[in-house]
Amino acid sequence: MARIDVIERGDALRGLMRIPDGFCGLLLTDPPYSSGGMFRGDRSQATSEKYQTSDAAKKPEFYGDTRDERSLVLWNTLWLAECWRILADGSSALVFSDWRQLANTTDAVQAGGFTLRGIVPWRKAAARPQPNSFRAECEYVVWASKGAVDRRPLTSAKYLPGLYEYAAPVGDERIHSTQKPVGLIRDLMEIAPEGCIVLDPFMGSGTTAVAAIQTGRHFMGFELSDEYCDAANRRVREIVRGGGRHRWLRALLRRSWCRS
């Protein structure tokens, strides 16, 4: 059994196999895109070259980002099928992608058993312009569900936007070369039941864990890189010491777990 509220060091697929059926209330993850170019030579570059344009403060490499198109779909289908098993009925799955891998990601999500619900763009406020080109200023969240979505217009229903705009983390806030903003992850997490367990098989810098603590939710997840796993757990401990755990305890008294 994988541990709750701890980022474990290890392979995502093996870790997911240790989680019981129906245990989590949301999948929210940013898996390796195996992107960065149109050709195999582009994809096989180091992640510090593909996703960083400045030599200043290069971030550590991360794993699993050199698969070709077919093996990426197959790999994604394997771990997504495990996530489908782990999620409670009616839960949402939110999986990040860039434009190059968007079609492959939607295919894998559906092959894993989920029902595709839509695409939610994340607009990055400070994207670089390119000559004679449209600005590449969006990444995308593939939204799917395990079974039906409750669309009853009850007073407790949530009405969420279909587009989010946040600047990418910079400077000391940026631990990982593909790190997502905490505010964006917090907002996306609102699709999940309050107090539930959020699953992230590719924790990276731990942003999903931080957002879960800040919103009164629990988290489970894995990170293959020793360096990033250590950094993510340090980040979680700092949030807890800074008061995040107290907010979590207060929220837990008010909310029921999504598994109950």
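Contact map, region 66-83: first residue among the acidic types (Asp, Glu), second residue loosely packed, with under 15 Cβ neighbours inside 10 Å and not in a helix (DSSP H, G or I), Cβ cut-off under 9 Å, separation 6 or more or different chains; pairs are Glu82/Met17.
Applying the condition of being of a type in the set (A, V, I, L, M) and at pLDDT below 95 to region 150-162 and asking which residue is surrounded by the fewest Cβ atoms within 10 Å (Cβ to Cβ) yields Leu154. Checking each residue in region 77-108 for being aromatic (Phe, Trp, Tyr) and either buried (at least 17 other Cβ atoms within 10 Å of the Cβ) or in a helix (DSSP H, G or I) (or both) picks out Trp79, Trp84, Phe96. Just checking, does region 166-183 include any residue being β-branched (Val, Ile, Thr) and within 14 Å of the chain's Cα centre (by Cα)? Yes, the conditions are met somewhere in region 166-183.
Taking region 110-123 as the range and being surrounded by fewer than 18 Cβ atoms within 10 Å (Cβ to Cβ) and assigned to a strand (DSSP E or B) as the test, the residues that pass are Thr115, Leu116, Arg117, Gly118, Ile119, Pro121, Arg123. The residues in region 154-206 that are part of a loop (DSSP other than H, G, I, E, B) and either under 20 Å from Ser97 (Cβ atoms) or in contact with a strand residue (DSSP E or B) (Cβ under 8 Å, 6 or more places away or on another chain) (or both) can be counted, and the count is 23.
Within region 211-230, residues that are over 19 Å from Arg186 (Cα atoms) and at pLDDT below 90 reach no partner that is of a type outside the set (D, E, K, R) and assigned to a helix (DSSP H, G or I) with beta carbons closer than 8 Å at six or more positions or on different chains.
Of the residues making up region 129-149, those that are in contact (Cβ under 8 Å) with a residue 24 or more places away in the chain and either on the phi > 0 side of the Ramachandran plot or surrounded by fewer than 10 Cβ atoms within 10 Å (Cβ to Cβ) (or both) number 2. Scanning region 155-199 for residues that are under 30 Å from Asp89 (Cα atoms), among the small types (Gly, Ala, Ser) and free of Cβ contacts under 8 Å to residues at least 60 places away in the same chain returns Ser156, Ala157, Gly162, Gly183. Annotation: of all residues in region 84-114 being hydroxyl-bearing (Ser, Thr, Tyr) and without any contact (Cβ under 8 Å) to a residue 40 or more places away in the chain, the one that is farthest from Gln179 (Cα to Cα) is Thr106.
The values are calculated or read from the model by the stated rules, or taken from the named source; none is laboratory data. From a predicted model like this one, the values you see are computed outputs, not experimental measurements. Cβ coordinates were reconstructed from backbone atoms using ideal geometry, including for glycine residues, and neighbour counts include every protein chain displayed.
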